[in-house]
Amino acid sequence: MTIRDPFSFQSGSLPLLISIPHAGTQLTPAVEAGLTDDARPLPDTDWHIPQLYDFARAMGASVLVGNYSRFVIDLNRPADDKPLYTTATTGLYPDVLFDGRPSFLPGKTPTDAERAGYLQQIWQPYHQQLQDELARLKARHGYALLFDAHSIASVIPRLFDGQLPDLNLGTNGGESCALALSDRLVACCEQQQQYTHVLNGRFKGGYITRAYGQPQQQQHAIQLELAQVNYMSEQYPYAFEPQRAASLQRLLKQMIEGLLDGAAKLN
């Protein structure tokens, strides 16, 4: 089969690329036919993240959004599917939901050949566009910032104990961006009391953060995993909640402004 439009992309004027790999809801025929009733509502989607970050697009950030569901292929996993975490996780082709229930009916997973096609026609184009845009930003500005934007339900016992902090910053243990930049983001979080936050807690950054965060090459990557309870309903049909989101967007804008300011001072 031929995949059309594996991603949406808008180029901006700032030295900043917002990557949104998990907001897609498109399915291939094989995946759609095989999903369990539990998986059919696409519960593990990063719902409404492009809308939440509309302010960054308006500021002049480049924005890259995957169009296909992570149940087709997970754009934030390595192509060789090596596990990123020693704790419970999901892979390049998720066969279970975050809570451990099966994603696919017995015998209904896509074939190896179909999945190889998803790698070639969805995963590779997304990552090529990501690489191309980072190279363009570095050529134009001398440095590039990659902000990998995610969200997740605030309570998933299989993945973490208790309730997840509201803002989960990940820099691969300090290896994917300059310390001065992560310090800026943490300081911004510490200046408010509405939202809890953590740096390199349960979510240290997935493949995108780890692969493209190269601070020694003036290429800095940060992942932010947001608890969805702060901007949407965590129950189906996962409605966006504008009033709640507006408060979170104000903080996110302050964080990104601080990131940009800090990077300009570094360079």
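The values are calculated or read from the model by the stated rules, or taken from the named source; none is laboratory data. It should be emphasised that the depicted structure is a prediction, and the values quoted were computed from it without experimental measurement. Note: ideal-geometry Cβ built from the backbone for every residue, glycine included; neighbour counts use all protein chains shown. The protein model used for the area step is the full one, side chains on, heavy atoms only, and it has no ligands, DNA or RNA in it. Shrake-Rupley method; radii C 1.70, N 1.55, O 1.52, S 1.80 Å.
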**Request:** Just give me the residues in the range 230-252 being in contact with a helix residue (DSSP H, G or I) (Cβ under 7 Å, 6 or more places away or on another chain) and part of a helix (DSSP H, G or I), in sequence order.
**Result:** 230, 244, 245, 248, 249
**Request:** For the range 141-152, indicate whether the set of residues that are of a type outside the set (Val, Ile, Thr) and in a helix (DSSP H, G or I) is non-empty.
**Result:** yes
**Prompt:** Which of the strands (runs of 3 or more DSSP E) contained wholly in the range 1-89 include at least 2 residues that are open to solvent by 10 Å² or more (accessible area, probe 1.4 Å), at pLDDT 95 or above and closer than 20 Å to residue 118 by Cβ?
**Reply:** 7-10
**Request:** Output the number of the condition that residue 207 fails; it satisfies all remaining conditions of (1) open to solvent by less than 30 Å² (accessible area, probe 1.4 Å); (2) modelled with pLDDT of 95 or more; (3) within 19 Å of residue 18 (Cα to Cα).
**Result:** (1)
**Asked** So which residues in the range 115-139 are within 16 Å of residue 79 (Cβ to Cβ) and open to solvent by 60 Å² or more (accessible area, probe 1.4 Å), if there are any at all?
**Response** 120, 124, 128, 131
**Request:** Considering every residue within the range 97-114, establish whether at least one is assigned to a loop (DSSP other than H, G, I, E, B), open to solvent by less than 10 Å² (accessible area, probe 1.4 Å), in contact (Cβ under 8 Å) with a residue 12 or more places away in the chain and touching a Leu at 6+ places or on another chain (Cβ under 9 Å).
**Result:** yes
**Request:** Give the residue that is most open to solvent (accessible area, probe 1.4 Å), with candidates limited to residues of the range 153-198 that are among the hydroxyl-bearing types (Ser, Thr, Tyr) and closer than 21 Å to residue 232 by Cβ.
**Result:** 196
**Prompt:** Across the range 210-230, what is the total count of residues that are of a type in the set (Lys, Arg) and open to solvent by less than 20 Å² (accessible area, probe 1.4 Å)?
**Reply:** 0
